[in-house]
Structures are given as structure tokens and as C-alpha cells.
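Heads up: the structure comes next, in C-alpha cells.
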Amino acid sequence: MSTQRNGKIARLPKSIRDQLGTQIEDGWSGQKSVTWLNEQPDVQPVLQEYFNGRHITEQNLSEWKAGGHQEWLRRQEAIDLVRSLKEHARDLEDAADQESISDRLGILLAEQFAQLAYVRVVAEPDLEKRWQQLCALNQQLALLRRAEHQTRVFRLQQEQLERQW
């Protein structure tokens, strides 16, 4: 959970805090980061407004590293995760030749369904049980076909909308 921070570094613009976070991760010394911060034009108005113009110190940076920077790291990890997921999804779409992965999976499942249904029904010697199995398979097939139909309708609607634009 993020707390509202109000220290010198916390009040700086996000772009400055992001650059500082990268510097910390790159191993910049505290003195080097403090010097850099105090030289930034966007820092001076903040220090003037909230801290009577007092410069950022290594103590301020140390406190930031223990709190605000840790929150920054967690946000960066979350951002990296989202980017990674987006990239992974793009890779999957490319591998599927822009065809929906669920469509591909549906085809595979339908094929497996057909094979298993055939084996199961043919192997049943009792005609009454075979009839019950066929009825149950028919219900499953109807669900599968209904889903395929809905997908086709959706694609047609999508194509119509794209043509309108």
C-alpha cells in the first residue's frame, strides 16, 4: 500500500524521481545523486516552496531509499510485468498468425472431442447405453457449434464496423 509522502524527494516531479530511481539502481553514489538533484531546474521551485530553499541532503536521499524508492521499485516491477505480459501476448498472436488462440484451441478440442466420442460410442456394446452416450455427445456438440456460430456472428459484426470506419 502506498502512503502519501511529503519529504523533499517525494514532492519532486515524477520525471525527476524516475531518473533518480534509475540512478540508484545503476549504483550512483549518494553524493553524486544529491549533487545532480540540487542542480536540476525543476527541483529548485519545489525546495523553495516547501522547504525554504534548503537543498536536498544525503540524509534526505537515505530516507527516500528506505521508503519512496522501495515503492518506486515495486511500481517498476509491476510495469515490467505488464510490459512482459503484453509482449508475450503479441508473441502468441504472431505465432497464431493473427488467429485467435482460443479459436485454435477450439479446433484442437473439437478434433479431440470427435476422436474420443467415436472411440467411446463404438466401444459400447449395449445399444441403450450407446444411445444415451450419443444423446449426451449431441448436447456437447450443440454447445460447441453454438459457440462457433456466435464467434462467426461476432466476426461479421466486427468486419461491418471496420468497413464503416
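Scan region 100-131 for residues that are outside any helix (DSSP H, G or I) and either touching a strand residue (DSSP E or B) at 6+ places or on another chain (Cβ under 9 Å) or modelled with pLDDT under 80 (or both) and jot them down. Please lay out each step first, then the result.
First, the residues of region 100-131 that are outside any helix (DSSP H, G or I): 100, 124-126.
The answer is S100, and nothing else.
With respect to L116, determine if the residue is surrounded by fewer than 11 Cβ atoms within 10 Å (Cβ to Cβ) and over 30 Å from the mean Cα position of the chain (by Cα).
no
Taking the criterion of being in the same structural domain as L37 (by TED's automatic domain parsing) and touching an Asp or Glu at 6+ places or on another chain (Cβ under 9 Å), would at least one residue in region 109-126 satisfy it?
no
Tell me, please, whether a residue that is closer than 15 Å to N6 by Cα and loosely packed, with under 11 Cβ neighbours inside 10 Å can be found in region 40-56.
Yes, some residue in region 40-56 is closer than 15 Å to N6 by Cα and loosely packed, with under 11 Cβ neighbours inside 10 Å.
How many of the residues making up region 11-28 are assigned to a loop (DSSP other than H, G, I, E, B), surrounded by fewer than 17 Cβ atoms within 10 Å (Cβ to Cβ) and in contact with a helix residue (DSSP H, G or I) (Cβ under 9 Å, 6 or more places away or on another chain)? Explain how you work it out, then say what you get.
As a first pass, look at region 11-28 and keep what is assigned to a loop (DSSP other than H, G, I, E, B): 11-13, 26-28.
Applying the additional criterion that residues be surrounded by fewer than 17 Cβ atoms within 10 Å (Cβ to Cβ) yields 11, 13, 26-28.
Next, from what is left, pick out any that are in contact with a helix residue (DSSP H, G or I) (Cβ under 9 Å, 6 or more places away or on another chain): 11, 13, 28.
Total satisfying the criteria: 3.
So which residues in region 119-137 are among the acidic types (D, E) and exposed (fewer than 10 other Cβ atoms within 10 Å of the Cβ), if there are any at all?
Residues satisfying the conditions are D126, E128.
Here are the criteria: (1) of a type outside the set (S, T, Y); (2) out of contact with any Lys or Arg (no Cβ under 7 Å at 6 or more places or on another chain); (3) farther than 30 Å from R155 by Cα. Tell me which single one A89 does not satisfy.
For A89, the failing item is (3).
The values are calculated or read from the model by the stated rules, or taken from the named source; none is laboratory data. Everything quoted here is computed from the prediction, not taken from an experiment. A quick note on method: Cβ atoms are made from the backbone with ideal geometry, for glycine too, and the neighbour counts reach across all protein chains shown.
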